[in-house]
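To start, the structure under review is shown below, and the notes come after it.
The values are calculated or read from the model by the stated rules, or taken from the named source; none is laboratory data. Here the structure is a predicted model, which means the values were calculated and not measured. Here the Cβ positions follow ideal geometry from the backbone for every residue, glycine too, while neighbour counts run over all protein chains shown.
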Amino acid sequence: MLPITVEIVEDLDEVREGLSNFINVDPDLKMLGTYSTAEEAIVSIPNNQPDIVIMDINLPGMNGISCIEELKDKCPHTQFMMFTVYENDEKVFEALKAGASSYLLKKTPPQGIIESIKDLYRGGSPMSSNIARKLVSAYHTRQTLSASLPLSPRENEILELLAKGLLYKEIADKLSIVVGTVRQHIHKIYEKLHVQNRTEAINKLRGK
């Protein structure tokens, strides 16, 4: 079996070098490159097309989530693993929406990181246990709230698409309706939920 190719985007020298050293000693893995900024990564990673990119979120300049958004289309076969100290729901959901398939906290033991890289390559979505718990909790909360909100099935569907960041035209195209109909539905959603804008509606969906 060919080794799994890996690249790292991490601004802290000791973290980047330590992680690279752990990866290099595993015969199933091969380091292709390391970068301290997203800007460097965006230039080089598309040329290398690694199997896995380990990405920090808090980088100087462009952050890791935006970096994934830039790289996703240029590296269609690359899978992205977030490697960060952030545990809050907002960062987790932003990272997954951007295209990350894995989310590990930096307190993960080295062997756990190595196994997670291999699991990700094999098609898994490894998460630190408390991150996985947050996702399950958020899903259950959303399902409960969606069921209890006074919306029609179509209004619930449109609200979910709003929550994913789609524009009115994108929602219309996805549902095969005209933009004017989307606007009418959204106006009714705002009335029923007693909110004034998209952000308030989405927060109500998420129970905030």
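With respect to ASP56, determine if the residue is in the same structural domain as ILE114 (by TED's automatic domain parsing), within 14 Å of LYS106 (Cα to Cα) and charged (D, E, K, R). Steps first, please.
On the way: in the same structural domain as ILE114 (by TED's automatic domain parsing): yes; within 14 Å of LYS106 (Cα to Cα): yes; charged (D, E, K, R): yes.
So ASP56 fits the description; yes.
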>> For region 158-180, which positions are surrounded by 15 or more Cβ atoms within 10 Å (Cβ to Cβ), free of Cβ contacts under 8 Å to residues at least 24 places away in the same chain and of a type outside the set (Gly, Ala, Ser)?
In response: LEU161, LEU166, TYR168, ILE171, LEU175, ILE177
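Could you please let me know if LYS106 is in contact with a Ser or Thr (Cβ under 8 Å, 6 or more places away or on another chain) and buried (at least 19 other Cβ atoms within 10 Å of the Cβ)? Let's see the steps before the verdict.
Numbers: in contact with a Ser or Thr (Cβ under 8 Å, 6 or more places away or on another chain): yes; buried (at least 19 other Cβ atoms within 10 Å of the Cβ): no.
Here the answer is no, as LYS106 does not meet what is asked.
Yes or no, residue by residue, for (1) acidic (Asp, Glu); (2) in a helix (DSSP H, G or I):
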site	(1), (2)
TYR86	no, no
GLU90	yes, yes
TYR103	no, no
ILE113	no, yes
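Out of curiosity, is ALA147 under 26 Å from PHE83 (Cα atoms), at pLDDT below 90, of a type in the set (A, V, I, L, M, F, W, C) and out of contact with any Gly (no Cβ under 8 Å at 6 or more places or on another chain)?
Numbers: under 26 Å from PHE83 (Cα atoms): no; at pLDDT below 90: yes; of a type in the set (A, V, I, L, M, F, W, C): yes; out of contact with any Gly (no Cβ under 8 Å at 6 or more places or on another chain): yes.
No; evaluated as a whole, the condition is false for this residue.
Every residue, every condition in (1) within 20 Å of LYS118 (Cβ to Cβ); (2) within 16 Å of the chain's Cα centre (by Cα), yes or no:
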{"residue": "THR34", "(1), (2)": "yes, no"}
{"residue": "GLU39", "(1), (2)": "no, no"}
{"residue": "VAL43", "(1), (2)": "no, no"}
{"residue": "ASP56", "(1), (2)": "no, yes"}
{"residue": "CYS67", "(1), (2)": "no, yes"}
> Going through region 77-105 one residue at a time, which ones are among the hydroxyl-bearing types (Ser, Thr, Tyr) and within 11 Å of PRO126 (Cα to Cα)?
Replying inline: SER101, SER102, TYR103
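Every residue, every condition in (1) touching a strand residue (DSSP E or B) at 6+ places or on another chain (Cβ under 8 Å); (2) not hydrophobic (A, V, I, L, M, F, W, C), yes or no:
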| position | (1), (2) |
| --- | --- |
| GLU10 | yes, yes |
| PRO27 | no, yes |
| LYS30 | yes, yes |
| ILE42 | no, no |
| ILE45 | yes, no |
| ASN48 | yes, yes |
